[in-house]
Amino acid sequence: MKTILTEEQLAITIQRLSYQLLENHIGLENTVLIGIQPRGIFFSNRIVKEISKEVPTDKIQYGKLDITFYRDDVRQGLHALNRTEIPYSIEKRNVILIDDVLYTGRTIRAALDALQDFGRPAKVELCILIDRRFSRELPIQSDYTGQSIDSIIGQKVKVFWREKDGKEEVVLID
């Protein structure tokens with residue numbers, strides 16, 4: 001097991017990504033943030049918490065998206081359902097999808113399909129904590145990246161969050 005980001009590095013990375021989002025979306029005008037269930041929610045919650053230090057919370061439109069039934073591998077077993085919470089239209093809005101790890105790209109493809117149920121966005125951007133850049137099966141890349149890593153197929157990236165795991169760290173497991 002190799003540490004990719006320590007707790008301190010993780011906090012700095014989240015802060016940097018939050019400022020990058022605000023730099024490109026001043027005041028979050030016409031912008032919605034959407035975390036991808038289940039694992040991206042811990043990361044998106046942190047991004048929203050960090051952004052709320054700079055932007056009034058009533059200006060932040062934040063939702064959570066469950067992509068279970070949009071995945072192309074749903075037939076490979078039962079998946080636990082999560083709640084989708086998008087209480088507004090995304091029609092002609094800028095959407096920033098937020099997830100923890102970008103691996104094959106299939107999760108993001110499913111999220112793009114699921115978004116269509118909520119309207120047609122003007123633009124969709126992707127914010128990722130860890131990009132496993134040489135593992136892509138689909139032509140998807142992030143607009144905002146915490147850290148890009150090189151890994152092989154047999155390795156896994158595990159993101160630990162205090163709320164769920166009791167510690168904060170990103171590791172590469174052989």
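No value in this document is a laboratory result; all are computed from the given coordinates. Keep in mind that what you see is a predicted model, and the values were worked out from it rather than measured. No Cβ is skipped: glycine too gets one built from the backbone with ideal geometry, and neighbour counts run over all protein chains shown.
A few notes on this one:
- Mean separation of Cα contacts under 8 Å (6+ apart) over length of the chain, as relative contact order %: 26 percent
- Rg and Dmax, both from the Cα atoms of the chain and both in Å, are 15.6, 44.
- Shape parameters for region 106-156, alpha-carbon atoms, Rg then Dmax in Å: 12.7, 38
- A simple spin-label model places pseudo-atoms 7 Å from Cα toward Cβ; at Q20 and R83 they are separated by 3.1 nm.
- Global geometry of region 2-46, whether rounded, prolate or oblate, following the gyration tensor of its Cα atoms and the 1.5 cut on a/c: oblate
- Region 76-171 shape via C-alpha gyration tensor axes, a/c threshold 1.5: prolate
- Potential lengthening between K158 and Q116 on full extension [0.36 nm per residue; Cα-Cα distance subtracted]: 12.2 nm
- Straightening the chain between I173 and F134 buys 12.4 nm, computed as 0.36 nm per residue apart minus the Cα-Cα spacing.
- By the helix-only formula, in which each DSSP H run with n ≥ 4 contributes -39500 (n - 2.57) and the sum is divided by residues, the chain has a 222 nm mean residue ellipticity of -7500 deg cm²/dmol.
- The region of the chain that goes longest without hitting one of the chymotrypsin sites (Phe, Trp or Tyr not before Pro) in a DSSP loop, each with at most 13 other Cβ atoms within 10 Å, is 1-87.
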